[in-house]
Amino acid sequence: MPRKPDLSGIRRKLGIGSLWFLILCPLFVFPQQTKDSEERRRQSKPELEQSIPPPRDKGYTIGVNVDLVLMYTSVFDKKTGHFAAGLKQDSFKLYEDGVQQAITAFSQEDVPVSMGILLDLSGSMRSKIDQVNKAALAFIRASNPKDQVFLIGFNDEVELLQDYTSDIDEITDSLDNIVVTGGTALYDAVYLGVQKSQSGSRPKKAVVVISDGEDRDSYYKLDELVAKVQELDVQIFSIGFVNAVEDKGFFGRWSKSAPEKAHRALVRISEETGGKAFFPGKVTDIHSVVAEIASDLRSQYSIGYFSSNAARDGTFRRVKIELDGPVAAKCQARYRRGYYAPKPGGQAAVGSRQ
């Protein structure tokens, strides 16, 4: 009778081989899939429809031919979170690339804003959109009456729902006609919203983005978006309805969940611009959040200086603002992290009130 072959060794070898295949296969397969996905994602560059620039406010000029760097700065009490009013110029120290600068312009006033409201209209927002719409209207009512507002909706596409207006009825009509469906092109929406804000005639620029998920459909990547917000002077306030980020332990450091990616992206985008990211625990909390943002925008200090670095080299200059004196221990300041110097033959990409 012939001997049965001993298959145990073969099974062991196959088992070990299969294990190595499962470990190494992603290294060869996934990069190609990622590359293909990247190519598909980048086939269509998003754009907003052309619009007529809003009329200029005669009290302000933008992009004047002086290299005045203007930093809109929010100062809050660390314990209460309330705005710290009544501070004087000598309460602030300002540094550019580590070199202290002489503050030449200082004020605290309610400056009108050219502002965009960016609404996530993906399918997952269906249960939240009613409260979001109500909060958006309440936010506009609480803002400076001279503000200009535009409205962008985004899912897997980005659409200008309402061009610049100071008429809340026009915003209301636009909100009444939105359709909630599709994916989430968050980065594209913020990128185009930041661009759009620059055509506004008000001296200060801001964007408020409301979303509930991780970006999945954008042409632009996060690093490209961050570079864009560094280039342009606009504050971004984010309201993220994302799940709480859990501590996944040591091995979780190498794998980021979708909520964690969304959370970190919104924080990074907002903090770079001097804005703030909010993560409400429930949908109805959005009303207190938009009230805080409206108050913040109307209560900021304006700090201006002429850089001691006269080089027109187009480089990114890091800015740091410190509080000085008794206020330093109990308050904190929030401001954009820096700006791009003018390029040779160009003018500074900063605005100045005249």
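Taken together, the values in this text are just the output of simple stated rules run on the coordinates, not laboratory data. For clarity, every value in this text was computed on a predicted model and none was experimentally measured.
My understanding is that a pair violates if its Cα-Cα distance is over 30 Å; which of LYS88/LYS196; LYS128/LYS330; LYS79/LYS221; LYS93/LYS282; LYS79/LYS282; LYS146/LYS228 do that in this structure?
Exceeds cut-off: LYS88/LYS196; LYS128/LYS330; LYS79/LYS221; LYS93/LYS282.
May I ask you to evaluate 6.51 cos²θ - 1.76 cosθ + 1.60, the Karplus curve with θ = phi - 60°, for each residue of region 75-88 and list the ³J(HN,Hα) values in order in whole Hz, giving x for glycine and proline?
For region 75-88, the Karplus-derived couplings read 10, 10, 5, 5, 7, 8, x, 7, 4, 8, 8, x, 6, 9 Hz, x marking Gly and Pro.
In terms of Cα to Cα distance under 16 Å, which aspartates and glutamates are near enough to LYS205, apart from those fewer than 8 places away along the same chain?
Reachable aspartates and glutamates: ASP57, GLU109, ASP110, ASP147, ASP163, GLU231, ASP233, GLU271, GLU272, ASP296.
Amide H neighbours of LYS343 under 5 Å, counting only residues 5+ apart in sequence or on other chains, H built in-plane at 1.01 Å?
Amide H to amide H, under 5 Å and 5 or more residues apart or across chains, LYS343 pairs with GLY314.
Return the long-range amide H neighbours of PHE106 (sequence gap of 5 or more, or a different chain), with a cut-off of under 5 Å between placed amide H atoms.
GLY304
Each residue of region 276-289 in order: what ³J(HN,Hα) in whole Hz does its phi give by Karplus 6.51 cos²θ - 1.76 cosθ + 1.60, θ = phi - 60°, with x for Gly and Pro?
8, 9, 10, 10, x, x, 9, 4, 5, 5, 4, 5, 6, 5
Looking at region 67-124, what % of the alpha carbon pairs are farther apart than 14 Å?
When all Cα pairs of region 67-124 are counted, 71 percent exceed 14 Å.
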